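Presented below is the structure to which this report refers.
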Amino acid sequence: MVRYVGVKHATGLVASVGIERFIIGLAQYIEDDFRRWPQFEKSARIASHSADGVIELMPASDGELYGFKYVNGHPINTRRGLSTVTAFGVLSDVSTGYPLLLSEMTVLTALRTAATSALAAKHLARKDSRVMAIIGLGAQSEFQAIAFKALLGIRHLRVFDSDPAATEKFVDNLERLGFAIDVAASSADAVIGADIITTVTADKTNATVLSDNMVGAGVHLNAVGGDCPGKTELQRDVLLRSDVFVEFPEQTRIEGEIQQMGPDFPVTELWQVITGEAPGRRSAKQITLFDSVGFAIEDFSTLRYVYDQTQGTGFYSDLDLLAEPSDPKDLFGMLSRPAQQTSRPLLAAVEA
Ligand code: NAD
């Protein structure tokens with residue numbers, strides 16, 4: 001049997017742990033895995049692009065466990081009453097190849113993206129950061145705000161979305177969680193006085209959510225929404241003034257903000273900042289930019305965390321995903337002999 005964590009169990013688990021505590025624990029798992037980065041088998045995700053979006057497979061392995069996530073990105077979907085991003089993932093035992101866990105990952109992706117953003121900011125933003133601007137108030141946005149509160153103590157938000165309904169939803173969801181929220185009239189208005197700027201919009205185009213004149217000295221930029229070829233949020237000049245930190249350069253050069261720059265544009269890998277092998281912020285005036293695209297190791301950490309967190313709880317069910325014949329060489333017996341695990345032999349069903 002494979003442990004199955006569906007949406008009800010995932011949301012129930014997060015509620016029972018408490019979302020801030022859940023994100024803090026998840027960020028710790030991600031940080032632990034970033035610290036042992038060289039141990040991982042890594043590759044840029046495999047993307048299948050279409051006119052309206054992308055479907056991606058994201059694998060990673062540490063030699064003992066193997067994880068992958070299936071995720072889509074379709075900015076047009078909200079106009080169809082569907083989500084921009086949905087996902088599920090699998091964690092397997094490398095020694096047998098057997099899956100251990102199948103989990104929903106739409107909610108978990110929002111949590112892990114936010115946890116990774118806040119983890120990056122913990123290492124890169126000025127320690128005296130108090131105010132965060134968020135531009136784009138869709139599905140990911142509340143998770144970003146809560147992660148920055150949990151890991152950096154950010155309580156003051158300045159926010160903007162071109163859709164007033166999204167803004168209203170965001171304020172309604174977060175007001176009671178202890179945030180002071182200023183609703184801005186534009187992106188330019190939102191970033192005034194912000195120590196950290198999170199851009200988390202969805203548009204399948206090279207957008208200019210942040211132009212160079214909007215970014216002051218000392219700011220930390222958390223650019224989340226530019227994560228596909230031809231889909232960026234920052235004006236190129238912003239990158240020229242920033243020190244850029246990335247997850248996996250081979251993937252980010254294709255998908256991130258730095259797709260706008262040449263192949264030799266200098267970047268620092270976030271894991272090296274976390275281990276102390278590379279410097280993070282060196283001055284209060286420096287502009288740091290986390291060019292987030294989402295990397296497979298973050299999903300691997302999330303699956304590992306969910307597997308550990310659900311152990312001994314009621315937040316999963318057993319799924320008969322795997323055929324497990326009593327004689328492993330007699331797979332056919334499962335079809336022909338009802339006693340072998342299937343409630344109704346498939347052959348009988350086909351013949352009926
Ligand atoms: P969503 O469609 O739910 O929300 C996006 C919001 O951005 C919408 O409310 C929309 O009105 C707003 N918006 C679009 N253009 C804008 C603009 N120019 N100015 C202000 N607001 C604007 O999408 P989501 O699920 O919240 O995802 C947001 C983005 O984050 C997507 O691009 C998605 O692909 C990306 N994402 C990245 C990661 C990562 O790891 N980096 C993970 C998940 C999602």
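Within segment 39-51, being touching a residue at least 60 places away in the same chain (Cβ under 8 Å) and not in a strand (DSSP E or B) holds for 40, 42, 43, 44, 45. Restricting to segment 226-244, and then to whatever is of a type in the set (A, V, I, L, M, F, W, C) and over 23 Å from the mean Cα position of the chain (by Cα), can you tell me which residue is nearest to the ligand (Cβ to nearest atom)? By that ranking, first place goes to 238. Listed conditions (1) surrounded by fewer than 18 Cβ atoms within 10 Å (Cβ to Cβ); (2) closer than 28 Å to residue 28 by Cβ; (3) touching a strand residue (DSSP E or B) at 6+ places or on another chain (Cβ under 8 Å) are all met by residue 105, apart from (1). In the set (1) over 18 Å from the mean Cα position of the chain (by Cα); (2) exposed (fewer than 15 other Cβ atoms within 10 Å of the Cβ); (3) outside any helix (DSSP H, G or I); (4) not acidic (Asp, Glu), the condition left unmet by residue 79 is number (3).
Cβ separations smaller than 9 Å between residues 6+ apart or across chains give no pair from segment 183-207 residues that are free of Cβ contacts under 8 Å to residues at least 12 places away in the same chain to residues that are small (Gly, Ala, Ser) and more than 12 Å from the ligand (Cβ to nearest atom). Taking the listed residues 36, 3, the one that is touching a residue at least 60 places away in the same chain (Cβ under 8 Å) and basic (Lys, Arg) is 3, with no other qualifying.
Got a number for residues in segment 125-145 being of a type in the set (A, V, I, L, M), part of a helix (DSSP H, G or I) and surrounded by fewer than 24 Cβ atoms within 10 Å (Cβ to Cβ)? So the count comes out to 0. The set of residues in segment 302-345 being closer than 25 Å to residue 92 by Cβ and either modelled with pLDDT under 90 or not assigned by TED's automatic domain parsing to the domain that holds residue 37 (or both) consists of 340, 341, 342.
Take the residues in segment 149-181 that are among the aromatic types (Phe, Trp, Tyr) and over 19 Å from residue 216 (Cβ atoms), then tell me which one is farthest from the ligand (Cβ to nearest atom). Here the answer is 179.
The residues of segment 93-130 that are more than 28 Å from residue 272 (Cβ to Cβ) and either out of contact with any Ser or Thr (no Cβ under 7 Å at 6 or more places or on another chain) or more than 16 Å from the ligand (Cβ to nearest atom) (or both), listed by number, are 93, 95, 96, 97, 98, 99, 100, 101, 102, 103, 104. Within segment 59-76, which residues are of a type in the set (D, E, K, R) and either touching a residue at least 40 places away in the same chain (Cβ under 8 Å) or surrounded by 18 or more Cβ atoms within 10 Å (Cβ to Cβ) (or both)? Result: 62, 69.
The values are calculated or read from the model by the stated rules, or taken from the named source; none is laboratory data. The structure displayed is predicted, hence computed values, not measured ones. Positions of Cβ are generated from backbone atoms using ideal geometry, with glycine treated the same way; all protein chains shown enter the neighbour counts.
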